[in-house]
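The values are calculated or read from the model by the stated rules, or taken from the named source; none is laboratory data. What you are looking at is a predicted structure, and each value in this text was computed from that prediction instead of being measured. Methodologically, a virtual Cβ is constructed for each residue, glycine included, from the backbone with ideal geometry; neighbour enumeration extends over all protein chains shown.
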Amino acid sequence: MSELSVNHLLGIKYITEADIQLIFETADHFKEVINRPIKKVPSLRDITIANLFFENSTRTRLSFELAEKRLSADVVNFSAASSSVKKGETLVDTVNNILSMKVDMVVMRHPNPGAGVFLSKHINASIVNAGDGAHEHPTQALLDSYSIRERLGDVAGKNVVIVGDILHSRVALSNIFALQKLGANVKVCGPKTLMPKYIEKLGVTFEPNLVNALNWCDVANMLRVQNERMDISYFPSTREYTQQFGVNKKILASLDKEIVLMHPGPINRGVEITSDVADSKQAIILDQVENGVAVRMAVLYLLASKIKQYEN
Amino acid sequence: MSQKVLLNATEIHIALHRLACQLIENHDNFENTVLIGIQPRGIFLAERLKGLLVSEYKIKKVQLGKLDITFYRDDFRRSGTPLEANKTHIDFVVENKKVVLIDDVLYTGRSIRSALTAIQSFGRPDEIELLTLIDRRFSRHLPIQPDYRGRQVDAIGDEKVKVCWTENEGEDAVYLVNSD
């Protein structure tokens, strides 16, 4: 197997375990590339990629842009805040206009769930979903699993707990799909109000107690409390959230083993994770960021290899 | 499919010793020289040569790297079969070093062109030489010639040159494979 089964990366739901393994193996090579004195390969020099961000992002956008540049692709950036979307242009029109400028691939973040899937049916370009509403964020899940694999050797058989706002989190959903496809056991933990009603239908268990969850797991993925997505109050106060679901040194010391801590960023220091824990050796938060570039290079490279313009 | 032996184990043995001696003539004690085997098939030859230099010719230190050229190839998105990458392992900087690129068969020269680009990611070498066990004449697409060659062969059209090593195929031999 050396080719992806899909032409777009719209979500982890749509790809196979073999796809994920291929992405990981390719990312291994790119991780070596980005640690060279000259961190660039010419593979995508005849590919143009548009980064369409209809929603704010720093890390993901920067990570994608770096990945694209390290592959020598031409990159155009677009952010909704300063564009004609404000004038009422539809998504398909916006993207088709950009594609008429001969763009081969689109990396898109959009506030509406399913925006990527919708677009893939209407336009002729390879699409990478960089987050669509509360639906999926596939590259984040891939880099999370990749980081677990790097730290623990394998994902299969590992116990992973995702803590926090599962309801509003595309990271959680993509992570659940990815971890399960790779054979890990997944639990979710957090306030009951932030749990999707049918979460257990996905084959994950809900654990309301943080200490129990941490005692069970090998890896804890601490999600950010997404204040901007909460139009109503899901918990009484941030302080109460921290008391019940925040990880600190004391809790970690009370566990009988050393667990690995992850965070997709940006961290609310002192809310879901204390500063000293976030900066400790147990936390692989910065490894996740580094791996993000390698994993995104792998995704872009593998999808680009399916665009065969030169075939006779 | 028929195949003909181009080099048997003894002939390969002799060629390897000659190549090792030629390398020593030009690179003395390898102080400022590094060997780079090109993935996937050049690394066997590179490792053999390093082994000979160290054990038979008592060169104290020979630096050897493995270079994968997949991401530098010029047929990305053009060939029917997807390209599969291999591991690159170069734990030294090639800046101001003499580099000897090593591959088993020199055919069109395109792999070497890719390797010349790839090696620049590790610094600016002082000079680059090319060593191949088999040099296929009359088949070059690019103006690239080896500095050291084990054997020059004339192979045409659909014929393939296959180099086997004890390490992975169980024998040392070079075959000319005819596809019809």
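Of the residues making up region A:4-20, those that are over 14 Å from the mean Cα position of the chain (by Cα) and surrounded by 15 or more Cβ atoms within 10 Å (Cβ to Cβ) are A:Leu4, A:Val6, A:His8, A:Tyr14, A:Ile15, A:Asp19. Going through region B:111-141 one residue at a time, which ones are at pLDDT below 95, among the basic types (Lys, Arg) and within 27 Å of A:Ser72 (Cα to Cα)? The one that is at pLDDT below 95, among the basic types (Lys, Arg) and within 27 Å of A:Ser72 (Cα to Cα): B:Arg124. Among the residues of region A:13-28, which ones are without any contact (Cβ under 8 Å) to a residue 40 or more places away in the chain and basic (Lys, Arg)? Once the filter is applied, which keeps residues that are without any contact (Cβ under 8 Å) to a residue 40 or more places away in the chain and basic (Lys, Arg), region A:13-28 yields nothing.
Just one residue in the set B:Gly51, B:Gly65 is surrounded by fewer than 17 Cβ atoms within 10 Å (Cβ to Cβ) and either free of Cβ contacts under 8 Å to residues at least 12 places away in the same chain or touching a strand residue (DSSP E or B) at 6+ places or on another chain (Cβ under 8 Å) (or both); that residue is B:Gly51. Being within 12 Å of chain A (Cβ to nearest Cβ), more than 22 Å from B:Ile12 (Cα to Cα) and without any contact (Cβ under 8 Å) to a residue 12 or more places away in the chain is true of B:Ser121.
When you scan region B:132-155, do you find a residue that is within 14 Å of chain A (Cβ to nearest Cβ) and closer than 19 Å to B:Leu35 by Cα, even just one? Within region B:132-155 (the criterion being within 14 Å of chain A (Cβ to nearest Cβ) and closer than 19 Å to B:Leu35 by Cα), the answer is no, since none of the residues qualifies. Scanning region A:205-229 for residues that are over 19 Å from the mean Cα position of the chain (by Cα) and not in a helix (DSSP H, G or I) yields A:Thr205, A:Phe206, A:Glu207, A:Pro208, A:Asn209, A:Cys217, A:Asp218. Selection of region A:12-44 for residues being of a type in the set (S, T, N, Q) and touching a Phe, Trp or Tyr at 6+ places or on another chain (Cβ under 7 Å) yields A:Thr26, A:Ser43. Within region A:265-280, the set of residues being in a loop (DSSP other than H, G, I, E, B) and either closer than 23 Å to A:Ser63 by Cα or polar (S, T, N, Q) (or both) comprises A:Gly265, A:Pro266, A:Ile267, A:Asn268, A:Thr274, A:Asp279, A:Ser280.
Quick one: in region B:68-104, of everything that is in a strand (DSSP E or B) and surrounded by 22 or more Cβ atoms within 10 Å (Cβ to Cβ), which residue is nearest to the other protein chains (Cβ to nearest Cβ)? Among them, the one singled out is B:Val99. Just checking, does region B:155-177 include any residue being more than 18 Å from the chain's Cα centre (by Cα) and closer than 30 Å to A:Tyr301 by Cα? Within region B:155-177, none of the residues are more than 18 Å from the chain's Cα centre (by Cα) and closer than 30 Å to A:Tyr301 by Cα.
In region A:183-191 there is at least one residue matching the filter, namely being over 26 Å from A:Ile20 (Cβ atoms) and crowded, with 17+ Cβ neighbours inside 10 Å. Here A:Gly246 does not qualify as on the phi > 0 side of the Ramachandran plot and either among the charged types (D, E, K, R) or assigned by TED's automatic domain parsing to the domain that holds A:Leu194 (or both). Within region A:278-312, being more than 14 Å from every other protein chain (Cβ to nearest Cβ) and in contact with a Lys or Arg (Cβ under 6 Å, 6 or more places away or on another chain) holds for one residue alone: A:Ile284.
Results for (1) touching a Lys or Arg at 6+ places or on another chain (Cβ under 6 Å); (2) at pLDDT 90 or above, shown as yes or no for each residue.
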{"position": "A:Val85", "(1), (2)": "no, no"}
{"position": "A:Glu89", "(1), (2)": "no, no"}
{"position": "A:Val92", "(1), (2)": "no, no"}
{"position": "A:Ile98", "(1), (2)": "no, no"}
{"position": "A:Ile123", "(1), (2)": "no, no"}
{"position": "A:Ser126", "(1), (2)": "no, yes"}
{"position": "A:Val155", "(1), (2)": "yes, yes"}
{"position": "A:Val160", "(1), (2)": "no, yes"}
{"position": "A:Ser169", "(1), (2)": "no, yes"}
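Out of curiosity, is A:Leu4 on the phi < 0 side of the Ramachandran plot and not assigned by TED's automatic domain parsing to the domain that holds A:Arg296? Spelling it out, A:Leu4 is indeed on the phi < 0 side of the Ramachandran plot and not assigned by TED's automatic domain parsing to the domain that holds A:Arg296. Counting only strands (runs of 3 or more DSSP E) that sit wholly inside region B:120-169, those with at least 2 residues that are of a type in the set (A, V, I, L, M) and out of contact with any Pro (no Cβ under 9 Å at 6 or more places or on another chain) are B:127-136, B:160-164.
Can you tell me which residues in region A:1-25 are in a strand (DSSP E or B) and within 10 Å of another protein chain (Cβ to nearest Cβ)?
The answer is none; no residue qualifies.
All conditions in (1) without any contact (Cβ under 8 Å) to a residue 12 or more places away in the chain; (2) assigned to a helix (DSSP H, G or I) hold for A:Gly292, with the sole exception of (1).
Within region A:26-68, the residues that satisfy the criterion of being surrounded by fewer than 15 Cβ atoms within 10 Å (Cβ to Cβ) and either in a helix (DSSP H, G or I) or touching a strand residue (DSSP E or B) at 6+ places or on another chain (Cβ under 9 Å) (or both) are A:Arg45, A:Asn56, A:Arg59, A:Leu62.
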